[in-house]
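Participant: If you scroll down you'll find the structure; I have some questions about it.
Throughout, read-outs are computed from the coordinates displayed, never taken from laboratory work. On a predicted model such as this, the values are computed, not experimentally measured, just so you know. Note that each Cβ is placed from the backbone with ideal geometry, even for glycine, and that neighbours are counted across all protein chains shown.
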Amino acid sequence: MVKARDYLPSDIKRLFAFSGNQCSNPDCARPVIAEDGITVVGKICHIEAASSKGPRYRKEMTDEERRGYNNLILLCDEHHSIIDNKKNEGKFTKELLLEWKENHVNGNNDSELEIDDEIVYKAIDDILFTIERLEKNTEKIYSKVNVIEKDLKRIKGVSDLDQMKSLVEDYKEEVASGKSEFKELFDKIRHFTSNIDKIKQELSEKLDDGGFKDDTDWATELKEAYTMRLLKNDVSLAQQKIHAFLLVKVQMAFRRHVLSAIRNGKNKEEIRLLIDDQVISKVGSYLGYDNVLNLYEDDINGMLYFLTGNCHIKWV
């Protein structure tokens, strides 16, 4: 199948033969063959583009017509780049380029150059090499763009809900495969189950520091219930990852919205509203995606006090 750049050697030889060894732009005297007589420095250009992305492209034209002598013009490297710039399409029209070519050829009819076949094939080879290099570079660019897009998506483009959805899908696949069983603690869960303070305090002491000593009994009950649920024997790896995701969200939400309020002396009622709104409700919104583990508000409160008991959350 003929392509728009499958040039006929006879057409290329004809272009060079009547070039007068000059660019076809009437205002340019640059050579198309270097002074050594064999190095090709000119460029074979399409008057009407070879592809739909090029300037002066005409859809109705066949590739046979696109590659033919009547659609080709010989230019220096600079003017080739200029006329092939889509931004210049309105200035360098098909009609103008045909006029350049006609005048140039007519002006050199009496001084036909002897063109060695080596020059012809070198000119064609240069074009094919350039196209091949562009195609390879394009592939590399697309490959890098894909990598960058994936990185950006991973870093900032994936919403928390998308992450939760992915974790839930992993859990469903685990259940469907029959491999949903406890093996060992996931690293993040192991981290959260460890007390990170050198000086250990009871949950009641920590709540007392924040002015919430009256909540100790309720908080202790929720903490113990959640701890038992987290560490029971049927909590699989996929389940642990969901728990880890939610624990991180509880920890970050408390630090961002509640701790500063405590330190700024907000009253207990204001702080409780912040906990309900910025911690319990926001983290609970992630459970809206299927809620495959059947976690509810009391469980999220349990996470809060579980993290408090292991010093991952402070109240002062």
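Participant: Sort R66, R263 so that the residue with the fewest other Cβ atoms within 10 Å of its own Cβ comes first and the one with the most comes last.
Facilitator: R263, R66
Participant: Still on this structure: Excluding E60 itself, calculate the net charge of residues whose Cβ lies under 14 Å from the Cβ of E60, where each Lys or Arg counts +1 and each Asp or Glu counts -1.
Facilitator: With Lys, Arg at +1 and Asp, Glu at -1, the neighbours total +1.
Participant: What list do you get for Y305, Y171 if you sort them by fewest beta carbons within 10 Å?
Facilitator: Listed from fewest to most nearby Cβ atoms, that is Y171, Y305.
Participant: While we're looking at this one, here's another question. Return the whole-Å distance between the Cα centroid of the range 55-115 and the Cα centroid of the range 17-40.
Facilitator: After rounding, the separation between the Cα centres reads 14 Å.
Participant: Further question on the same structure: Given axes a ≥ b ≥ c from the Cα gyration tensor, I'd like to know whether the range 160-309 is rounded (a/c under 1.5), prolate (a/b larger than b/c) or oblate.
Facilitator: It is prolate, given that a/c is not under 1.5 and a/b is the larger ratio.
Participant: Let me ask something else. Highest first, please rank the peptides 39-45, 100-106 by the mean number of other Cβ atoms sitting within 10 Å of their residues.
Facilitator: Values: 39-45: 19.9, 100-106: 16.7.
Most protected by this proxy first, the peptides run 39-45, 100-106.
Participant: Report the net charge of residues surrounding E78, where surrounding means a beta-carbon distance below 14 angstrom and charges are Lys +1, Arg +1, Asp -1, Glu -1.
Facilitator: Residues close to E78 contribute a combined charge of -1.
Participant: Among L222, L293, what is the fewest-to-most ranking by other Cβ atoms within 10 Å?
Facilitator: On the way: L222 20, L293 16.
So the ranking, lowest neighbour count to highest, is L293, L222.
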